[in-house]
Amino acid sequence: MLSFFGRILGKKETGKKTDPMKKFLIVGLGNIGPKYENTRHNVGFKILDELAREKEVAFETQKLGDVATLRFKGRTFVLLKPSTYMNLSGKAVNYWMQKEKISLENLLVVTDDLNLPFGTLRLKTKGSDGGHNGLKDIQTQLNTTKYNRFRFGISDEFSQGQQVNYVLGEWSPGEEEKLAERLKTSAELILSFGTAGVSNTMNAYNGK
């Protein structure tokens, strides 16, 4: 009898650990290598690094990216920094969604955005790629524009014809001063996405 109940309880516990609705894939977009580490285009990596540091989890190099897993308030967050370079981000996203059995609604892509003032946070549930090559490839791989994306504003303070140099350039001293607080708030947004839901998080953080 005891073993019978043990098997039942064991099944219930296993179910809790693998509940797909409580598992999230958080993808920070960027380019690998020290050359790109502190560039505006790599803010997706930087935000995930901040969250991993706060929650004391480490990234490990796995297939198509560096991966870290953290648990918070009964949720599991799989953090992914693709190693495919920005233009092929969708390949890594698709692979890890399948591997971890994570639904589209529990995917969050973290990226830079030229159309937002520096440090502005904006969470959306769908939208165009806005000319962003990482988002463009994800849209192609997933065959939909309806996936959650968290845009971090990097502003558009560049001269005509200098967009590539700007996004692949390093933060200005003024931006660096404000970046630590912005990264911390960004990490809070990600945890809220998984615990409070997308609508509540949008209301609480968009424009913050």
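Evaluation of S199 against the conditions (1) small (G, A, S); (2) in a helix (DSSP H, G or I); (3) in contact with a strand residue (DSSP E or B) (Cβ under 8 Å, 6 or more places away or on another chain); (4) at pLDDT 95 or above shows that the sole unmet condition is (3).
Within the stretch 171-208, the set of residues being of a type in the set (A, V, I, L, M, F, W, C), open to solvent by 20 Å² or more (accessible area, probe 1.4 Å) and closer than 18 Å to R53 by Cα comprises A180 only. Filtering the stretch 143-159 to residues that are within 18 Å of the chain's Cα centre (by Cα) and of a type in the set (S, T, N, Q) leaves T144, T145, N148.
Taking the stretch 1-44, which residues are modelled with pLDDT of 50 or more, open to solvent by 80 Å² or more (accessible area, probe 1.4 Å) and either of a type in the set (K, R) or under 23 Å from G174 (Cα atoms) (or both)? Step through it out loud before you land on a result.
Kept after step one, since they are modelled with pLDDT of 50 or more, are these residues of the stretch 1-44: 17-44.
Keeping just the survivors that are open to solvent by 80 Å² or more (accessible area, probe 1.4 Å) gives 17-18, 21-22, 34-35, 37.
Residues satisfying the conditions are K17, K22, P34, K35, E37.
For I102, the conditions (1) open to solvent by less than 60 Å² (accessible area, probe 1.4 Å); (2) part of a strand (DSSP E or B); (3) farther than 13 Å from G28 by Cβ are fulfilled apart from (2).
Considering the stretch 130-155, the residues that are more than 21 Å from F193 (Cα to Cα) and outside any helix (DSSP H, G or I) include one that is most open to solvent (accessible area, probe 1.4 Å), namely N143.
Counting only residues that are outside any loop (DSSP other than H, G, I, E, B) and open to solvent by 10 Å² or more (accessible area, probe 1.4 Å), which one in the stretch 114-124 is farthest from Y205 (Cα to Cα)? Per the criteria, the residue is K124. Looking across the stretch 56-67 at every residue that is within 30 Å of Q163 (Cβ to Cβ) and assigned to a strand (DSSP E or B), the one that is most open to solvent (accessible area, probe 1.4 Å) is identified as D66. Candidates G127, G90: the one that is in contact (Cβ under 8 Å) with a residue 24 or more places away in the chain and open to solvent by less than 50 Å² (accessible area, probe 1.4 Å) is G90. From the list L51, L70, L80, the lone residue that is open to solvent by less than 10 Å² (accessible area, probe 1.4 Å), without any contact (Cβ under 8 Å) to a residue 60 or more places away in the chain and either part of a loop (DSSP other than H, G, I, E, B) or closer than 23 Å to I154 by Cβ (or both) is L80.
The values are calculated or read from the model by the stated rules, or taken from the named source; none is laboratory data. Owing to the predicted nature of the structure, the values given are computational and were not obtained by experimental measurement. Because the Cβ atoms are built from the backbone with ideal geometry, glycine has one as well, and the counts that use them run over all protein chains shown. For the accessible areas, the whole protein counts, side chains as well, though only heavy atoms, and no ligand, DNA or RNA atoms are used. Shrake-Rupley method; radii C 1.70, N 1.55, O 1.52, S 1.80 Å.
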